[in-house]
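These notes concern the structure reproduced below.
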Amino acid sequence: MTNRSTRRTVILATGASALLAGCSQYGDGDSSSDSSPKASSGEQLATTSDIPVGGGTIFKEQKIVVTQPAKGDFKAFSAICTHAGCTVNKVADGTIDCPCHGSKFSVEGGAVKAGPAPRPLPAEKITVEGNSIRLA
């Protein structure tokens, strides 16, 4: 009896390893398994003039996206895509966009506008006092 590895087995194992390694390289390499601390409650993220009406700003270090869907209406969401844990990288044309697999989320409520993300971006709590936007 011989113990032989088929070429197919080797190729499949190599391909799976490459696929897994490739997924961790999307975007900036950031993923939800990153253990860096999130922003602390009360920390100022921005001023109201920093957030464009109809758009938003990504705070990569805090892993938060703040949007202003309509003048004076500010929302905040996790910046971590619900599909593969990549950090979103753009807010444009009414959506928050993930570079990894093309998921898009609404600036109004974080709802999935284009998949493969299975769930909306989770809401984050912020407070707006005067022109200061802070984590709640």
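Rule-based calculations on the coordinates, nothing more; no lab input. Computed from a predicted model, the values in this text were never measured in an experiment.
Available extension along the chain between GLN44 and GLU129 is 29.6 nm, counting 0.36 nm per residue and deducting the alpha carbon span.
Amide H contacts of ILE96 (H built 1.01 Å from N, in plane; Pro and chain starts excluded): PHE105, SER106, VAL107 sit under 5 Å, all sequence-distant by 5 or more or on other chains. As a ratio to 2.2 N^0.38 Å, the alpha-carbon radius of gyration for region 45-89 is 1.14.
Cut-off under 21 Å on the C-alpha distance; same-chain residues fewer than 8 positions from LYS60 excluded. Which lysines are left, in chain and number order? Excluding near neighbours in sequence, the set is LYS38, LYS75, LYS90, LYS104, LYS125.
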